[in-house]
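Just below is one structure, and these are the notes that go with it.
The values are calculated or read from the model by the stated rules, or taken from the named source; none is laboratory data. Remember, predicted model here, so these are calculated numbers, not experimental data. So basically every Cβ, Gly included, is an ideal-geometry build from the backbone, and we count neighbours across all protein chains shown. These area figures cover heavy atoms from the full protein model, side chains too; ligands, DNA and RNA do not enter into them. Shrake-Rupley method; radii C 1.70, N 1.55, O 1.52, S 1.80 Å.
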Amino acid sequence: MRTISVIVPSLNDAEFLTACLDALAKQTRRADEIIVVDNGSTDATADVGRAAGAWVVHEPRRGIWPATAAGFDAASGELLARLDADSVPAPDWLAEVERRMNRADRPTVVTNGGTFYGRNALVRWIARNIYIGGYFTVIGALLGHPPIFGSNYAIRADAWSRLRDIVHRDRADLHDDLDLAWWMQPGMTVVRDRHLLVGVSARPFDSFSGLARRVRMAFHTMSVESREWPPLTRRSERRSAAAWVWEGAPVAPTNPEADGEEPVPA
């Protein structure tokens, strides 16, 4: 057993946040702590958080990375589980986080994509299979391990303590999940667990301009990361490193497919 803090950044998302916190209240394995990071909202975000019993942290610097980092810094749990305000976790989401993190290989991060809700069936199919599917396939091949999906992941608190001064936590112009995935240090591991289920709003696909902004931001993020830690250098340094020993000796899983993990080419 480990203590788990759930961090939910929110900017003017009170309605979505209500559903997210309601889903967290129905978890089979309850959170030890829920932190809502109010990123300068002008709606009822903070009130919704407090009404649900969450600890509301105020982060005035706008941006998903500053808000996420503030929540991680404030958390007291040994595992830091991350959702967006429009995420709706399955009832066993936290139980699965705990189960997977406790396996013999002791990953640094566990993540998965999302099941989209809203819009129409075609948009949801494109969002899941092309947008998220492409992210895990293309970026995963570049990284040599699964990327991190910001709406659905958990990281060890001691890993965050090592990474917090390495990642670009103050930059709102970068995708926080891609930045975090890029700066996984040699020996740190990321696994994709397909049993980690979260519903995610399809609202990014409400307009072409909104989707295009996200794509441009992804290319910009990759440009920044590649200049600071070139991909070939990163792959070489990570390939030669032993797995990080968080506690006890790491042991490879005997049957990765049983956990729904998708191998990614090294």
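Need one word for the range 187-236: rounded, prolate or oblate. Basis is the Cα gyration tensor (sqrt eigenvalues a ≥ b ≥ c); a/c below 1.5 gives rounded, then a/b vs b/c decides.
Values: a/c = 4.95, a/b = 1.25, b/c = 3.94.
Oblate shape, in that a/c is at least 1.5 and b/c is the bigger or equal ratio.
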For D22 and S76, compute 0.36 nm times the residue count separating them, minus their Cα-Cα distance, and round to one decimal in nm. 17.3 nm
So for the chain: antiparallel DSSP bridges make up what percent, rounded to the nearest 5? 35
In a Debye calculation with equal point scatterers on the alpha-carbon sites of the chain and no solvent, what is log10 I(q)/I(0) at q = 0.10, 0.14, 0.15 Å⁻¹? -0.46, -0.97, -1.14
Checked against the positive end of the charge dipole of the chain (+1 on Cβ of Lys and Arg, -1 on Cβ of Asp and Glu, about the Cα centre), the farthest of N102, T233, Y131 is T233
With a 1.4 Å probe and all protein chains left in place, how much accessible area per residue does the chain have, in Å²? 44
Can you give the extra length, in nm with one decimal, that the chain gains between D47 and I166 once fully stretched, where that is 0.36 nm per residue apart less the Cα-Cα distance? 39.5 nm
In deg cm²/dmol, rounded to 500, what helix-only [θ] at 222 nm does the chain give when every DSSP H run of at least 4 residues adds -39500 (n - 2.57) and the total is split over its residues? -10000 deg cm²/dmol
For the chain, which whole percent of the accessible surface, found with a 1.4 angstrom probe, sits on carbon and sulfur atoms? 57
With +1 on the Cβ of every Lys and Arg and -1 on the Cβ of every Asp and Glu, the dipole magnitude of the chain about its Cα centre, in debye rounded to the nearest 20, is 600
